[in-house]
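Some notes on the structure that comes next.
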Amino acid sequence: MLNKFFPTINKPIPYEGKASKNALAFKYYDRQQLVGSKTIAEHLRFSVAYWHTMMGTGSDMFGGPSFRREWHKSATPIGRAKETMEAAFELFQKLGIEYYCFHDRDIAPEGENFSEACKNLETMVEFAKGLQKETGVKLLWGTANLFSNPIYSQGAATSPNAHVMAHAAAQVKHAIDATKELGGENYVFWGGREGYETLLNTDIKREQQQMARFLHMAVDYKQKIGFTGQFLIEPKPCEPTKHQYDTDAATTLYFLKEYNLIDHFKLNIEANHATLAGHSFEHELAVASAAGKLGSVDANRGDVLLGWDTDQFPTDLYSTTMAMVVVLKQHGLGSGGLNFDAKVRRSSNDPVDLFHAHIGGMDAFAHGLLIAQKIIDDKALSSFIEERYGSFRSGIGAQMMSGKATLEEAEQWLLTAGAPVLQSGRQEMLENIVNSYIFSY
Ligand code: XLS
Ligand code: CA
Ligand code: CA
């Protein structure tokens, strides 16, 4: 096992069970434990987000770097990139996390120009390949950073400048190549700058057409090179742009349908983006899942008192339980996984805080998984839900839903049946049932 950047953690984090008081041990994440027909590790497919965990410095709008990071010290950009990657794989191994995700510009420095950036990326892909082979760690998804470079300040695919769209297209080509080369199981599109600030200078229809064309170009390229990973779109309502075209799951699904892209994409749902959109995490998961399009998850949380994307590690058991209910109901995430798109707080400046953070997130989801499986096995919610719609199984309900009843026939039926009597929705009782499952684990 690699052992250079986290010397105080000299063995993989152990599972010690819920009675353990060891802060550096799992209380629920027993990776080999069977839940239904899969192990906990197979269900959860955790991934480390390279940008926050390896590249984060602790700086914010009001102050500079605060984190102690031995891997950021090398004198050259490529030296830094290599040390960062060694530290990353050491962390993955010590946490027992099998997947990671990156943006092209996280793993390789930008360089002086586009060609240099491409060369740097190739160098780092070769380096990553070696480390993946040595450790068995795999790439959950790759993506292109189409938001940091100032040329993208007015959009990438949706820029008013065709030169910029071409630059973004060329960059995405290389990022897909890198993902394919590393056996990436998915490729993500998050349109950080694909939106607008003011209608005074914007043609929404044209920009949406550009975005669709851009995605079609990516699909064509994927097919041409035989990349078999799943394409994913990650909705977010705002930040950095005021209005983003992929605001939430429903908006994104409509966009994909409208522009004939729906067969080529699934969604990557992020918890904090859901709450920024004014939805709950489980609402976004459920909307994507109902459309058969829930592909992967960015596992984090926001802060109820702050209106921005705080990207905190998930710790809320109620939320992880409800998320896992949705995931289990659709029999898993397929090639997707749970990517910790989350960062430690600015004051958590010690590298060991990265371990506490991931351990907490992994335990919160493992615990949520166990509870969710029990809720599903016992039909604790589903039997109530099924009964609630019971009036559609026969009679006028079945006739309307099968297309056999017209408005006139519904009226005829109503005139003999009389006024409807509503059954209680029993929300409080169901909330108590969920709590009773949470309390008993
Ligand atoms: C930013 C997004 C981003 C995507 C990948 O808010 O979460 O990190 O996951 O580009
Ligand atoms: Ca994300
Ligand atoms: Ca985010």
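Please report how far the C-alpha centroid of the range 100-177 lies from that of the range 1-63, rounded to the nearest whole angstrom.
Each part's Cα centre sits 26 Å from the other's.
With a Förster radius of 25 Å, plug the Cβ-Cβ distance of residue 225 and residue 263 into 1/(1 + (r/R0)^6) and report the FRET value to the nearest 0.05.
After rounding to 0.05, the efficiency reads 0.85.
What is the Cα convex hull volume of the chain when expressed per residue in Å³?
182
For every other residue with a beta carbon closer than 13 angstrom to the beta carbon of residue 217, add +1 if it is Lys or Arg and -1 if Asp or Glu, then tell me the sum.
Here the count lands on +3.
Quick check: the distance between the Cα centres of the range 179-209 and the range 379-441, to the nearest angstrom?
40
How many lysine pairs are close in the range 1-79, with Cα atoms under 18 Å apart and the two 8 or more places apart or on different chains?
4
Go through the range 219-236 residue by residue and turn each phi into a ³J(HN,Hα) via Karplus (6.51, -1.76, 1.60, θ = phi - 60°); whole Hz please, and just put x for glycine and proline.
Result, ordered by residue: 4, 4, 5, 3, 5, 4, 8, x, 7, 9, x, 7, 7, 10, 10, 10, x, 7 Hz.
Taking the simple approach of a point 7 Å from Cα along Cα-to-Cβ for both residue 427 and residue 72, what is their distance in nm?
So the label points at residue 427 and residue 72 sit 4.5 nm apart.
Each residue of the range 412-417 in turn: what ³J(HN,Hα) in whole Hz from Karplus with 6.51, -1.76, 1.60 and θ = phi - 60°, glycine and Pro shown as x?
These are the phi-based 3J(HN,Hα) values: 4, 5, 4, 4, 8, 6 Hz.
Taking 0.36 nm per residue of sequence separation and subtracting the Cα-Cα distance, how much length would be gained by fully extending the chain between residue 400 and residue 19, in nm to one decimal?
Answer, rounded to one decimal: 131.7 nm.
Go through the range 159-165 residue by residue and turn each phi into a ³J(HN,Hα) via Karplus (6.51, -1.76, 1.60, θ = phi - 60°); whole Hz please, and just put x for glycine and proline.
Result, rounded to whole Hz: 5, x, 10, 4, 4, 5, 4.
Could you work out what % of the accessible surface of the range 303-348 is carbon and sulfur, using a 1.4 angstrom probe and leaving DNA, RNA and ligands out of the count?
Using a 1.4 Å probe with all protein chains present, the range 303-348 comes out at 59 percent carbon and sulfur.
For labels at residue 410 and residue 34 in the simple 7 Å Cα→Cβ model, what's the distance in nm?
4.9
Compute the length gained on full extension between residue 110 and residue 162: take 0.36 nm times their separation in residues and subtract their Cα-Cα distance, giving the result in nm to one decimal.
That works out to 16.6 nm of additional length.
Mean residue ellipticity at 222 nm from the helices of the chain, using -39,500 (n - 2.57) per DSSP H segment of n ≥ 4 over the full residue count, to the nearest 500 deg cm²/dmol?
-14000 deg cm²/dmol
What are the extents of the Cα atoms of the range 282-441 along their three principal axes, listed from largest to smallest and rounded to whole Å?
Here the spans come out as 73, 32, 32 Å, largest first.
Restricting to the chain, what percent of DSSP beta bridges are antiparallel, rounded to 5?
15
Can you tell me which aspartates and glutamates have their Cα less than 12 Å from the Cα of residue 94? Leave out same-chain residues fewer than eight positions away.
Answer for residue 94, where 12 Å is the Cα cut-off: none of the aspartates and glutamates qualify.
Hey, in the GNM for the chain with a 10 angstrom Cα cutoff, which one of 192, 63, 292 fluctuates hardest?
63
Residue 242: which lysines have alpha carbons under 18 Å from its alpha carbon, excluding same-chain residues fewer than 8 sequence positions away?
205
The values are calculated or read from the model by the stated rules, or taken from the named source; none is laboratory data. In this text the structure is predicted, and so the values were computed from the model without any measurement. With ideal geometry, Cβ positions are generated from the backbone for all residues, glycine too; neighbour counts draw on all protein chains shown. Accessible surface is based on the protein model in full, side chains and every heavy atom, while ligands, DNA and RNA are left aside. Shrake-Rupley method; radii C 1.70, N 1.55, O 1.52, S 1.80 Å.
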